[in-house]
Structures are given as C-alpha cells and as structure tokens.
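Reading through the structure tokens given below for one structure.
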Amino acid sequence: MNTLAADHRACAAILRRSGSSFALPIRLLPAAKRQGTTAIYAFCRMADDLVDDAPDQATAAAGLAAFTATTEAALAGRPVDDPVLRALADTVRRFAIPEAAVREILAGVRMDLDRQRYATWTELECYCSRVASAVGVAAIHVWGFVDPTAVALSHECGIAFQLTNILRDIPEDLGRGRIYLPQDDFAACGCAEEDLVAGRIGPGFARLAALEIDRATACYRRAAAIDGMLSTDGRGVFRAMFGLYRGMLDAVGRAGTSIFTSRVRPSRPRLLAAAAATLLVGTRRMR
C-alpha cells in the first residue's frame, strides 16, 4: 500500500544514493522541511537523469515528455504511480510552492535536449534561472522566509550555484557534446570553442575563466542578503549550501586553466570546512 511516508522515504533513498553535497545541509532542517527539500532534490535528480543517462536523444525526449505529463497529473491531484512525484505534489501543496517553479525546472532540463551551445550570457542566464533559480524558489518556500525579496534574490543564488557547477564540470559536459560558456565570452577573451574541444588551452582561457568566476562572485555577493530574509530553520541550511558552493568556486579559481581539461574535485574536508564556517559566521563576509 502506498503511503506518503513511503513516498518520502523513496526520495530520501535517492538523495542517499546520489552522494550529493546537499545531503548534509538538508539534515539541518526539521523533519517536515527536510522531507520537502528532499522531495524537490529527488524530483530534480530524476529529471536530470532522464536526459543525461538516456542512450539517445529520442529516448531522452520521450522519457522527459512522459515524466512531465505525470508531474502535471500529480500537481493536479490525480493518482500517479511514481512515489517521487507523489511526494513532490504533497510538498507543493503543503508549503504553497508556486507550480510555475516546478514547470520552470522541467523547461530547463528540456533545454539540454534542444541545445548544446549558448551564444550570449542572456541565453545562458535563462537556462541557469530555470534549472537552478527555480529550484531555489521552491526550496525557500519549504524553508520559510520573512521578506518576499528573498524570492527575487533566489534568482541570483541559483545563477551563482549553476555557474559554479558549469565551471566545475566543463570536461564532463564537453564529453556530452555541451559547451555552456557563452560564445560571446569566448570571442571577447580571444578563445575558440574549437581549441577547447581539441584541448589547446592558450592564454585567452585564463581570461575566460576569470570572467566567469567574477560573474559568479558578483551573484554570490548579491545572493548573500537572503541570509537575513529566511526563517531560522531556513537560515542554517542556506548558509551551509552557500558555503559549500562558494567553496567550490574557490576551488575552481585555484585550479586555473586546468578547469578546461579536468573536472574540479575539491576535497570533501575543505568543502565541509567552508560550509561550517559560513554556517557559524553567516554570509555577510561574502558580500
């Protein structure tokens, strides 16, 4: 017999198997909010895997279309067979998450089916907003916030997190045929995508890395203000996630131009130390 408790346990199992750095910060939340945040994570993971793990584009497109239809059914209150989507629908209703945020996440995942390049920062920002900022909007509704400005600032935080992911994963994405960094930025820094593909990392790539790191750093600086806008429950998990991702960006900076040929893998103790430091002192020092 299906129960909501079992559905949420299925989400927790996905988080546990993933080895995600989010697992530890999520533990800082009280039970109901921990369940809700885990349901959002499991939903995002399932959507991503449908595209990234599919053997071909047609299979990915069909799988994502079916998943989207089942998500809509769950949000509408109709019975569905997927425990993660039942848990997600429960979370959306319980915490008044805007359904538009869920649809934006799926629209972002769908972009990975349709395009492998981004011409401008505006185009990439749209992608980041969908796959990351929309997740942040959903999450802060679960965590609780006392100032509606937090919703707008979730956009900045999502951009910062996703751009950090992009910089960390450049070779991995390249293996999937994707280059997320904007073509305009390549040109402005005297780089060429063809050189990246061929592994010819010349001086212009240092300028490209610096440009993207500066852009992400500015987003972190603006997003830091969310700290004072969240509930007490939300402030702890936000600080821990913020510290983890800001520590990841620091690791990207230390790696220099090797980010274009090797995935950045910061040590777990260093990341946990960054999360702990931010948890204790807050995000003001990041501004």
request  = Could you give me the residue pairs with C-beta distances under 9 Å whose first residue belongs to segment 207-218 and is of a type in the set (Gly, Ala, Ser), whose second residue is buried (at least 17 other Cβ atoms within 10 Å of the Cβ) and not in a helix (DSSP H, G or I) wherever it lies, and which are 6+ apart or on separate chains?
outcome  = Ala209/Cys189; Ala210/Cys189
task = Please find, within segment 196-223, the residue that is surrounded by the fewest Cβ atoms within 10 Å (Cβ to Cβ) out of those that are farther than 18 Å from Ala255 by Cβ and not basic (Lys, Arg).
result = Ala198
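Which residue out of Arg117, Arg110, Arg130, Arg103 is surrounded by fewer than 22 Cβ atoms within 10 Å (Cβ to Cβ), closer than 23 Å to Ile213 by Cα and not hydroxyl-bearing (Ser, Thr, Tyr)? Before the answer, list the steps.
Values: Arg110 fails: closer than 23 Å to Ile213 by Cα; Arg130 fails: surrounded by fewer than 22 Cβ atoms within 10 Å (Cβ to Cβ); Arg103 fails: closer than 23 Å to Ile213 by Cα.
Within the list Arg117, Arg110, Arg130, Arg103, the selection yields Arg117.
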query = Of the residues Arg78, Arg17, Arg45, which single one is surrounded by fewer than 16 Cβ atoms within 10 Å (Cβ to Cβ) and within 30 Å of Asp169 (Cα to Cα)?
reply = Arg17
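What residue, among those in segment 166-192 that are assigned to a helix (DSSP H, G or I) and free of Cβ contacts under 8 Å to residues at least 60 places away in the same chain, is surrounded by the fewest Cβ atoms within 10 Å (Cβ to Cβ)?
At the first step, the residues of segment 166-192 found to be assigned to a helix (DSSP H, G or I) are 166-168, 170-175, 183-188.
Then keep just the ones that are free of Cβ contacts under 8 Å to residues at least 60 places away in the same chain; that gives 166, 173-175, 186-188.
Details: Ile166: 23, Asp173: 19, Leu174: 18, Gly175: 10, Phe186: 20, Ala187: 12, Ala188: 13.
Taking the candidates together, the pick is Gly175.
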query = So how many residues does segment 258-287 have that are at pLDDT 75 or above, surrounded by fewer than 16 Cβ atoms within 10 Å (Cβ to Cβ) and either under 17 Å from Arg215 (Cα atoms) or of a type in the set (Val, Ile, Thr) (or both)?
reply = 1
task = Could you tell me which residue of segment 20-42 is farthest from Arg93 (Cα to Cα), considering only residues that are free of Cβ contacts under 8 Å to residues at least 40 places away in the same chain and surrounded by fewer than 17 Cβ atoms within 10 Å (Cβ to Cβ)?
result = Ser20
query = Pick from segment 1-36 the residues that are closer than 23 Å to Gly234 by Cβ, of a type in the set (A, V, I, L, M, F, W, C) and assigned to a loop (DSSP other than H, G, I, E, B): which of them is modelled with the lowest pLDDT?
reply = Phe22
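Does Asp48 satisfy the criteria of being out of contact with any Phe, Trp or Tyr (no Cβ under 7 Å at 6 or more places or on another chain), closer than 20 Å to Arg130 by Cβ and either at pLDDT below 95 or not in a loop (DSSP other than H, G, I, E, B) (or both)? Spell out how you get there, then give the answer.
Values: out of contact with any Phe, Trp or Tyr (no Cβ under 7 Å at 6 or more places or on another chain): yes; closer than 20 Å to Arg130 by Cβ: yes; either at pLDDT below 95 or not in a loop (DSSP other than H, G, I, E, B) (or both): yes.
Here the answer is yes, as Asp48 does meet what is asked.
The values are calculated or read from the model by the stated rules, or taken from the named source; none is laboratory data. Bear in mind the structure is a predicted one, so any value in this text is a computation, not a measurement. Please note: Cβ atoms are built from the backbone with ideal geometry, for glycine as well, and neighbour counts cover all protein chains shown.
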